[in-house]
Protein chains: 2
Amino acid sequence: MPAGMPLADDRRHPVVSAPNASAAGPAPNLQARRIGIDTYRENVVYLRRDCPVVRAEGFQALAKVEVTAGGRTILAVLNVVDDQRLLGECELGLSEETWTQLAVADGAPLTVRHAEPPPSMWALKRKIGGERLAAEEFAAIVRDIAAHRYSKIELAAFVVATDQFALDRDEVLYLTQAMVDVGQRLAWPQQHPVVDKHCIGGIPGNRTSMLIVPIVAAHGMLIPKTSSRAITSPAGTADTMDVLAEVELPFERLREIVREHHGCLAWGGRAALSPADDVLISVERPLSIDAPGQLVASILSKKIAAGSTHLVLDIPLGPTAKVRSMVQAQRLKKLFEYVARHVGMTLDVVITDGRQPVGRGIGPRLEARDVMQVLHGEADAPADLRNKALRLAGRVLEFDPDLRGGDGFALARDILDSGRARLTMAAIIAAQGAREFDWRNPPLAAMTHEVTAGEAGVVTAIDCERLSRIARLAGAPNAAGAGVDLLRKIGDPVACGEPLYRIYADTMAELQFAREVATRASGFRVGQEPEAEAASEFAPEF
Amino acid sequence: MPAGMPLADDRRHPVVSAPNASAAGPAPNLQARRIGIDTYRENVVYLRRDCPVVRAEGFQALAKVEVTAGGRTILAVLNVVDDQRLLGECELGLSEETWTQLAVADGAPLTVRHAEPPPSMWALKRKIGGERLAAEEFAAIVRDIAAHRYSKIELAAFVVATDQFALDRDEVLYLTQAMVDVGQRLAWPQQHPVVDKHCIGGIPGNRTSMLIVPIVAAHGMLIPKTSSRAITSPAGTADTMDVLAEVELPFERLREIVREHHGCLAWGGRAALSPADDVLISVERPLSIDAPGQLVASILSKKIAAGSTHLVLDIPLGPTAKVRSMVQAQRLKKLFEYVARHVGMTLDVVITDGRQPVGRGIGPRLEARDVMQVLHGEADAPADLRNKALRLAGRVLEFDPDLRGGDGFALARDILDSGRARLTMAAIIAAQGAREFDWRNPPLAAMTHEVTAGEAGVVTAIDCERLSRIARLAGAPNAAGAGVDLLRKIGDPVACGEPLYRIYADTMAELQFAREVATRASGFRVGQEPEAEAASEFAPEF
């Protein structure tokens, strides 16, 4: 639980009260026992069916209980144990997540009682019923989520209820502010602007941040970039940067690096910038829900908490991207702009070409290779990655009041082509802690399989979701050398039997998994020419 | 999984395929190990983190996996085990639910692989997105739910997405039909009509079925009543009947009893009439969601499956009932009528007074006492329970084509007052297997606490939800003698310090729990006279 978070009791609903608000009541004494089961972000505790406490309290499997030990209280789901070998009669088994949160020793005394419903339950029910919520209702919900008071089922209910058209723009603003309020905030004293760049995701290989940060930092603007690791994708920026340098650094060290080099590329997970978002992701991921309101609140709350004042936001548009029509892209753009204006952040939204993966590699080492090829100005560096990074970096540079509107691209290109971006990147890598990585000869996974064209023609479409899935099944991002290397992109001619892409995997099992899915549908469409539909429907800025 | 349920593969969405549809792939061999953890209706399996299969397949905690053993395949959520004492390196731990479903022996070989998404996932996503679904889409979703292919999170998503205004009346019809199609169906050859009575729930003490069944059966109409046990309430009809007689009977025995006595009062859980509904309840319960569409589909699908042709449906209306305004009650009534007409069921919906609990007792033995008092014509039997049961029984009797509309109530009263209903009930109890129960001196729980009025006046309101909660905390329905006995009802005068109700509990812990909640808010309002609001807003038929 974040320090200083209020355990507020909203008293509008009479039945509800905050955990611990009531008198102590009966205090059954149990002993803690670490059970060594990883239940991810779900708190689970275990009690024997014949434990006297189970009988006395009338506990049933899946009941929500409140566990208190050494002054800490958490909520958890109860699993009832029938096997006497697992637990002693008066032991409470703790899953890894609850063990960490309670921070007790084996055998420590603890008490268990029926959990009161989370204080914000009435607000959740109103939202499920389709009603509009006020700022303080979002605050109550987000506090409960950050404090792990919602069950998986309640989280899923919140995510679905706020999906799609269920939140108006003021509600998105309230949700964003509520998410900022429960997390830590970073400050960059005497620095203005503090710039950042973010992409809403969904496009494999889209590693522009690793080019934009050195370009912008080389210009002297502050760009303290924190990124996530992959959630549903084959690599996040933090996974790819991890190939080149240490990314898990204490905040004080990051601050020094940014002071000296104007930029960093670090993993943002340690900072607890948006603890409620971290919890929500655990249900958004399995449902693959990316509701506009949640997306905006999630991204902007993290950027505000990170202390950014100016943000360039990349919304890729394409038939297999997250955003699939220009109408949808424009609506999302306006929603981002509305919330950003009301929280005092300068925002430049750019709708980009999301019809296919960016660059060639999909997977941490393959993507790191692409980035280094561009930084070093290699002749065969992926042109689309270079071009996209330059254009976005240009938009970031134009936050500089001394730069004329429209001059950003040329300046970004100068900084890249002159080698200054490469030198800045080298300095950032050295400061974070460089890793061995020969990008000219990257250590890729040993097992490979090439997927070939079934007919001759021109590549007319590449399915981003399908390629992501294949790269993940091959082992990315956990296996850093695994993934997919694209040998053809949209518009490239291909003969029948020629390879479209190569799958890399560490183990036979993983290779076979990925191969099986690629065999069922390769994710490539080969036709006679780029289809008209794609040209008319998707006309992003670049 | 119900026999004969098709494992259909809906091919509209290219990424999705039915489990087992793809080539066998790698077949990691693991040994089954019963883990003895009760995860209620959620399938959970356990694997050690250092198990070679975990590494090879890239499994992560909470991954969805497909487990196959001896020709059976189930889906489950994976918990990763770090404690080497729990499992051998190549053992797959099975929770009680999965152990039962797979029906393997300890040490039996089984294989585990990444689960494909359920075939209906695309339809679920469309519903989450607010789109209208067709009949075959509901069929696909309900098949997956009945086959345990949905995770808790996916179930919650479906329940919330179909909540409130999200289903139109044809969609409710499709959902109802889909739920009938995946379950068993009972047949009553050569019997017409087969009548039933059902209440949507929410009112404690509302045990009219135990009076209506003997009245209607005594008239010679077939009323094979199956009821549920309590889900969120302090007692279901099956729990209360269980005080008087055996309720878990094989279907063939029930058929004999109904042939001889025209009625029965049995637990419906064994018949698997609506397996999808049984699964959905596991998430509706913790969310306390009772969406109109789900309510209609759940109730009507069970009645159709039970072979009923005619149904009287009780919708209680009150400020703490499930339905809280006449507009809402009328809307729900029309939705029930629409679906019933299209599935060929004769339906009579009655909106009743749901402003307070019915009768005096709340909890199995207390309610059984009330019922027996009415059956035996005791002078101090609860008049509201008697009156409501007579009116509803009258409406059921009017399904008899030989009875004139409006004559039902008088006939029901004759059957009750003549003692014929009591004799029929005695016959049914004997046939099902009578239990010892001295209703004149019921064996109630030993610990009691009286909740008293804080001021003098007249009882103006009783909170059904609050009283249910207090009775449950006191131990009902698991402790059959526990619960709440109401000593005052709406309109009754009370002096300051006089008791409003008495709590019964088996243990001190339970008594204290219930008492604590009652002390915070008793659930009774005492004022000067029944408030005008209640009279105008709630004007049900009776």
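The values are calculated or read from the model by the stated rules, or taken from the named source; none is laboratory data. Everything numeric here is computed off the predicted structure, so don't read it as measured data. When we count neighbours, we look across all protein chains shown, and the Cβ atoms used for this are built from the backbone with ideal geometry, even at glycine.
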What are the pairs, 6+ residues apart or on separate chains, where a residue within region B:256-277 that is more than 14 Å from B:Arg185 (Cβ to Cβ) has its Cβ under 8 Å from a residue that is modelled with pLDDT under 80 and outside any helix (DSSP H, G or I)?
none
How many residues of region A:30-54 are facing chain B (nearest Cβ under 8 Å) and farther than 16 Å from A:Ile74 by Cα? The answer is 5
Looking at region B:151-161, is at least one residue under 24 Å from B:Val45 (Cα atoms), at the interface with chain A (Cβ under 9 Å from one of its Cβ atoms), assigned to a helix (DSSP H, G or I) and basic (Lys, Arg)?
yes
Please go through region B:133-148 and give me each residue that is surrounded by fewer than 19 Cβ atoms within 10 Å (Cβ to Cβ) and not in a loop (DSSP other than H, G, I, E, B), ordered by number.
B:Ala135, B:Glu136
Could you list, in sequence order, the residues of region B:478-529 that are farther than 18 Å from B:Leu444 by Cβ and acidic (Asp, Glu)?
B:Asp492, B:Glu498, B:Glu516, B:Glu529
Among the residues of region A:87-102, write down those that are in a helix (DSSP H, G or I) and either within 11 Å of chain B (Cβ to nearest Cβ) or in contact with a Pro (Cβ under 7 Å, 6 or more places away or on another chain) (or both).
A:Glu96, A:Glu97, A:Trp99
Flag if A:Arg259 is within 11 Å of the chain's Cα centre (by Cα) and among the basic types (Lys, Arg):
no
Exactly one condition in (1) modelled with pLDDT of 95 or more; (2) out of contact with any Cys (no Cβ under 7 Å at 6 or more places or on another chain) is false for B:Pro357; which is it?
(2)
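Here's the yes/no breakdown for (1) closer than 25 Å to A:Met241 by Cα; (2) crowded, with 23+ Cβ neighbours inside 10 Å; (3) among the acidic types (Asp, Glu):
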residue: A:Arg253; (1), (2), (3): yes, no, no
residue: A:Cys264; (1), (2), (3): yes, yes, no
residue: A:Ala272; (1), (2), (3): yes, no, no
residue: A:Val279; (1), (2), (3): yes, no, no
residue: A:Thr320; (1), (2), (3): no, no, no
residue: A:Arg324; (1), (2), (3): no, no, no
From the option list A:Ala453, A:Ala412, A:Ala482, single residue qualifying as touching a helix residue (DSSP H, G or I) at 6+ places or on another chain (Cβ under 8 Å) and either of a type in the set (Phe, Trp, Tyr) or closer than 29 Å to B:Glu116 by Cα (or both) is A:Ala482
For region B:279-304, pairs from a residue that is closer than 14 Å to B:Lys333 by Cα to a residue that is of a type in the set (Asp, Glu) and part of a helix (DSSP H, G or I), with Cβ under 6 Å and 6 or more apart or across chains, are none
Check A:Asp83, A:Asp106 and return the single one that is at pLDDT below 85 and closer than 24 Å to B:Leu86 by Cα.
A:Asp83
Being surrounded by fewer than 16 Cβ atoms within 10 Å (Cβ to Cβ) and either at pLDDT 90 or above or facing chain B (nearest Cβ under 10 Å) (or both) is the requirement here; does A:Gly130 meet it?
yes
Scan region A:370-390 residue by residue and report those that are surrounded by 17 or more Cβ atoms within 10 Å (Cβ to Cβ), aliphatic (A, V, I, L, M) and outside any helix (DSSP H, G or I).
A:Ala381
Can you name every residue in region B:184-218 that is part of a loop (DSSP other than H, G, I, E, B) and surrounded by 24 or more Cβ atoms within 10 Å (Cβ to Cβ)?
B:Ile203, B:Pro204, B:Gly205, B:Asn206, B:Arg207, B:Thr208
What about B:Thr320, is it in contact with a Cys (Cβ under 6 Å, 6 or more places away or on another chain), within 14 Å of another protein chain (Cβ to nearest Cβ) and over 21 Å from B:Asp181 (Cα atoms)?
yes
Verdict on B:Gln184 being without any contact (Cβ under 8 Å) to a residue 12 or more places away in the chain and more than 8 Å from every other protein chain (Cβ to nearest Cβ):
no
Can you tell me which condition A:Pro118 does not meet? The list is (1) touching a helix residue (DSSP H, G or I) at 6+ places or on another chain (Cβ under 6 Å); (2) assigned to a helix (DSSP H, G or I); (3) within 14 Å of chain B (Cβ to nearest Cβ), and all the others hold.
(2)
Check on A:Val213, under 18 Å from A:Val358 (Cβ atoms), in contact with a Gly (Cβ under 7 Å, 6 or more places away or on another chain) and either of a type outside the set (Gly, Ala, Ser) or touching a residue at least 24 places away in the same chain (Cβ under 8 Å) (or both)
yes
How many residues, within region B:396-411, are over 13 Å from B:His219 (Cα atoms) and touching a residue at least 60 places away in the same chain (Cβ under 8 Å)?
0
Segments classed as helices (runs of 4 or more DSSP H), wholly inside region A:233-312, with at least 3 members that are modelled with pLDDT of 90 or more and under 28 Å from A:Gly481 (Cα atoms)
A:237-244
Within region B:193-207, is there a residue that is without any contact (Cβ under 8 Å) to a residue 24 or more places away in the chain and either out of contact with any helix residue (DSSP H, G or I) (no Cβ under 8 Å at 6 or more places or on another chain) or over 19 Å from B:His342 (Cα atoms) (or both)?
no
Filter region B:31-87 for residues that are among the β-branched types (Val, Ile, Thr), surrounded by fewer than 23 Cβ atoms within 10 Å (Cβ to Cβ) and more than 23 Å from A:Leu287 (Cα to Cα); the one that is farthest from the chain's Cα centre (by Cα) is B:Val53
Extreme residue, surrounded by the fewest Cβ atoms within 10 Å (Cβ to Cβ), among residues of region A:512-528 that are more than 10 Å from chain B (Cβ to nearest Cβ) and assigned to a helix (DSSP H, G or I):
A:Ala518
Given the options B:Ala291, B:Ala276, B:Ala272, name the one that is farther than 28 Å from B:Leu397 by Cα, in contact with an Asp or Glu (Cβ under 6 Å, 6 or more places away or on another chain) and aliphatic (A, V, I, L, M).
B:Ala291
